Amino acid sequence: MLAYVYLLLAVATRLTLLPHPWNFTPLTAALLYFGARGSRRQLWFPLALLIASDLVLDKYVYNYPFSWDLFLSWAFYAAVLVLGSLLSKNSKPLPIAGAALTGSVTFFLISNFGVWAAWHSYPPTWKGLAQCYVAAIPFFGRTLGSSIIFSAVLFGAYEYWRRAYLVEARSRYG
């Protein structure tokens, strides 16, 4: 159940229903957590929810036309869910931090490649691609920071609750 709550909070920040600093959202952390703790049969749910939120944001908030680069974002969401599923058996701090770092770097590389290739905001050359990546560096710091911090909070809250519940159950039932 907690995986769904985290996912809904992440979507709420995307839709600006919850205030947050630019590019500082729990999206990657929520996907990692859902992959690790959510139902395997329900992995389609976060993907469908994020696809729907992308379509709503692009059409009604940003007024963007539908573009093929959305498929890159959707592939990223799916990849992070799979990466999170690898954490289901090893939810120790180092693998979680590594997954958060991997998710942030992957998002940076994929999303900015999509901006360069689909929107023609930069010249269609290697230099243009480099310019696109350099222009995105200020956003990367917040994305990376939020992925690591929120991953620590989401996974840590669960671990704290699990241990506190186990201690209480042991003391109650011996």
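The values are calculated or read from the model by the stated rules, or taken from the named source; none is laboratory data. From a predicted model like this one, the values you see are computed outputs, not experimental measurements. Virtual Cβ from ideal backbone geometry, glycine too; neighbours counted across all protein chains shown. Just the protein is used for accessible areas: all its heavy atoms, side chains included, with ligands, DNA and RNA removed. Shrake-Rupley method; radii C 1.70, N 1.55, O 1.52, S 1.80 Å.
Two numbers describe the Cα atoms of the chain: Rg and Dmax, which are 17.7, 69 Å. Local charge for residue 15 was computed over the other residues whose Cβ lies under 14 Å away, with Lys and Arg +1 and Asp and Glu -1, and equals 0. Treating the beta-carbon of each Lys and Arg as +1 and of each Asp and Glu as -1, no other charges, what is the dipole magnitude of the chain about its Cα centre, to the nearest 20 debye? It comes to approximately 620 debye.
For region 1-69, just say rounded, prolate or oblate: build the C-alpha gyration tensor, square-root its eigenvalues into a ≥ b ≥ c, call rounded for a/c under 1.5, and beyond that prolate if a/b exceeds b/c, oblate if not. Walk me through the numbers on the way to the answer.
Values: a/c = 2.42, a/b = 1.45, b/c = 1.66.
Taking the square roots of the gyration eigenvalues as a ≥ b ≥ c, region 1-69 is oblate.
Ligands, DNA and RNA left out, the accessible area of the chain computed with a 1.4 Å probe is 71% carbon and sulfur. Once the 1.4 Å probe is applied to the protein heavy atoms, the chain comes out at 59 Å² accessible per residue.
With runs of 4+ DSSP H residues as the only contributors, calculate the mean residue ellipticity of the chain at 222 nm using -39,500 (n - 2.57) per run, divided by the residue total and rounded to the nearest 500. Don't skip to the answer; put the middle values down first.
Working: 6 runs with 129 residues, N = 174.
Rounded to the nearest 500, the figure is -26000 deg cm²/dmol.
Within 10 Å, count the other beta carbons around each residue, average over each peptide in 147-155, 82-90, and list them highest first.
Top to bottom by mean Cβ count within 10 Å: 147-155, 82-90.
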